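Asks: Here it is: the structure, laid out below.
All of the numbers you see were taken from the coordinates with simple rules; none came from a lab. The shown structure was predicted, so the numbers you read here are calculated from the model rather than taken from an experiment. All Cβ positions, even for glycine, are placed from backbone atoms using ideal geometry, and neighbour counts span all protein chains on display.
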Ligand code: AHR
């Protein structure tokens with residue numbers, strides 16, 4: 001199979017935020033997974049688990065979205081500030097009906113992002129919150145001067161304002177965020193976003209408007225049409241429009257098990273994952289009608305696999321295991337996002353710890369890294385790099401005519417140091433492929449490779465945490481501008497090429 005790379009045809013910068021993450025007050029994501037409190041026996045810094053923070057830093061997490069999800073539209077931020085013993089307890093109605101004691105709030109989220117060294121993406125409440133509440137939250141977080149909210153922040157121990165990089169005005173407002181119609185939400189968006197003030201002109205907040213679920217093109221069109229009914233320079237009052245798409249192998253009702261699946265289900269999972277490219281193309285075409293200059297980024301702020309919960313766990317906690325199949329899902333998606341980096345400016349896998357396609361799972365003081373984690377770590381070389389023009393020959397593989405998929409996908413970038421990074425997936429369960437790569441007009445000086453591969457069900461457990469991990473891959477032959485290697489089945493690979 002031929003792989004062609006043209007290093008002089010640069011197609012745009014890959015925003016690091018494409019490798020972003022999402023953390024919601026859901027199950028054991030925030031509590032236990034990230035935040036254990038200052039008095040925990042689990043080693044922590046200001047309440048944040050040291051093991052989890054270290055692993056995320058090593059993976060190079062670029063941005064974190066919080067506090068939801070569906071939780072965002074019933075979250076009242078003032079309940080989560082001030083002395084912890086006075087914070088209100090509430091019911092987390094969306095996720096398991098458990099008591100939320102608000103011990104993790106704005107200060108804790110900002111502290112977490114400080115420790116991670118990542119950008120902040122806060123999701124505001126449109127569904128059950130007011131314009132004033134949202135406006136005051138922004139003032140509380142970002143205003144530097146004399147104001148009631150800045151004063152309150154100081155009283156609560158943080159005199160300096162924080163940086164808010166992204167602010168989502170509502171979440172899934174077509175569903176859990178208020179069951180609105182596109183036009184109704186768009187008018188609310190116009191209203192609410194007005195009061196998301198940019199108090200720090202040197203660090204403006206990027207405003208994210210709630211976009212569609214899967215293929216709801218009517219939503220994208222309705223929201224864009226209403227928001228863009230304004231002078232062109234206002235860009236529909238938005239910097240980004242979101243899109244949510246989950247890979248449910250067996251459908252929404254019968255999602256299927258994370259660990260027990262056959263080859264047929266493997267290919268269905270691949271096919272459903274690849275579908276995101278159709279969604280990107282179709283939603284982007286609608287956005288193009290209104291946003292001709294591509295000022296509005298597509299923000300895929302929820303994606304990943306969503307299976308049935310692990311047997312014996314709380315159904316409202318969405319805890320699932322993670323196998324080589326998830327590694328492929330991650331690798332395929334990240335390659336697709338790279339290739340659409342002209343429109344896709346951020347993507348946030350759901351969710352960071354202990355929920356859905358998590359990169360980290362915890363059990364008490366133990367922590368394991370999932371196959372998905374290793375793919376994110378391997379791909380972090382693309383962050384901020386220039387996408388290069390590339391083409392990969394493929395054949396169709398699969399067991400059923402309606403669920404055939406191309407055997408591989410790829411993306412290629414050039415990092416600031418001039419190195420070429422090829423990331424490849426092989427979706428076949430049983431075939432390896434010989435690749436003949438050509439890097440046009442180049443002399444290859446060195447190649448270094450790494451791979452995540454295994455039998456499709458392989459995964460890490462608390463007793464066997466290193467079954468799936470990144471392994472070196474150095475079986476690459478080079479000659480002038482060409483390289484030859486074989487990619488094994490069920491694998492995700494990264495080659496660093498020095499030219
Ligand atoms: O990630 C779980 C949930 O999925 C989120 O809360 C919601 O936005 C989506 O429906």
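Asks: Which whole-angstrom value gives the distance between the alpha carbon centres of the stretch 52-118 and the stretch 308-376?
Replies: 19 Å
Asks: Let me ask something else. Given the convex hull of the Cα atoms of the stretch 428-498, what is a quarter of its surface area in nm²?
Replies: Details: hull surface 20.5 nm².
For the stretch 428-498, the mean projected area of the Cα convex hull comes to 5.1 nm².
Asks: Right, something else. What is the Rg over Rh value, at two decimals, for the stretch 303-405, using alpha-carbon atoms and the Kirkwood definition of Rh?
Replies: Numbers: Rg = 16.0 Å, Rh = 15.6 Å.
On the Cα set of the stretch 303-405, Rg over Rh gives 1.02.
Asks: Quickly estimate the mean residue ellipticity at 222 nm for the chain, helices only: each DSSP H run with n ≥ 4 gives -39500 (n - 2.57), and the total goes over all residues, rounded to 500. Can you show the working numbers first?
Replies: Working: 9 runs with 118 residues, N = 499.
One gets -7500 deg cm²/dmol as the mean residue ellipticity at 222 nm.
Asks: Right, another one. For a quick check: sort 407, 227, 176 by the number of other beta carbons within 10 angstrom, fewest at the front. Provide the component values of the computation, followed by the final result.
Replies: Values: 407 22, 227 25, 176 18.
Sorted ascending by nearby Cβ count, the order is 176, 407, 227.
Asks: With the Cα gyration tensor of the stretch 357-477 giving a ≥ b ≥ c as the square roots of its eigenvalues, does the rule (a/c under 1.5 for rounded; else a/b larger than b/c for prolate; else oblate) give rounded, prolate or oblate? Before the final figure, lay out the partial values.
Replies: On the way: a/c = 2.08, a/b = 1.29, b/c = 1.61.
Here the stretch 357-477 falls in the oblate category.
Asks: In addition: Please give, to one decimal in nm, the separation of the simple spin-label points placed at residue 78 and residue 9, each 7 Å out from Cα toward the Cβ.
Replies: In this crude spin-label approximation the distance works out to 5.7 nm.
Asks: Please label the shape of the stretch 141-208 as rounded, prolate or oblate, based on the square roots a ≥ b ≥ c of the eigenvalues of the alpha-carbon gyration tensor (a/c under 1.5 means rounded; beyond that, a/b larger than b/c means prolate, else oblate). Write down the numbers at each step before the final one.
Replies: On the way: a/c = 2.77, a/b = 2.21, b/c = 1.25.
Cα axes put the stretch 141-208 in the prolate bin.
Asks: Further question: Average projected area of the Cα convex hull of the chain, in nm²? Please list the in-between numbers first.
Replies: Values: hull surface 90.6 nm².
If you wrap the Cα atoms of the chain in a convex hull and average its projections, you get 22.7 nm².
Asks: Here is a follow-up. So for 89, 84, 272, fewest C-beta neighbours within 10 Å to most, what's the order? Spell out each step's value before the answer.
Replies: Numbers: 89 10, 84 16, 272 20.
Ascending number of Cβ neighbours within 10 Å: 89, 84, 272.
Asks: Tell me the label-point distance for the pair residue 128, residue 288, using the 7 Å Cα-to-Cβ offset, in nm and rounded to one decimal.
Replies: Here the answer is 4.1 nm between the modelled labels.
Asks: Could you check the spin-label model distance between residue 156 and residue 393? Points 7 Å from the Cα along Cα→Cβ, value in nm.
Replies: 6.0 nm
Asks: What is the gain in length, in nm to one decimal, between residue 313 and residue 419 on full extension, counting 0.36 nm per residue of separation less the C-alpha to C-alpha distance?
Replies: Working: separation 106, 0.36 × 106 = 38.16 nm, distance 4.49 nm.
This chain segment gains 33.7 nm when fully extended.
Asks: Further, regarding this structure: Among 306, 252, 219, 66, rank each residue by its count of other Cβ atoms within 10 Å, from fewest to most, as a rough exposure measure.
Replies: Numbers: 306 21, 252 8, 219 25, 66 30.
In order of increasing Cβ crowding within 10 Å: 252, 306, 219, 66.
Asks: A further question on this structure: Between rounded, prolate and oblate, where does the stretch 44-171 land on the alpha carbon gyration tensor, with a ≥ b ≥ c its root eigenvalues, rounded for a/c under 1.5, else prolate if a/b exceeds b/c?
Replies: Values: a/c = 1.36, a/b = 1.11, b/c = 1.23.
The shape class here is rounded.
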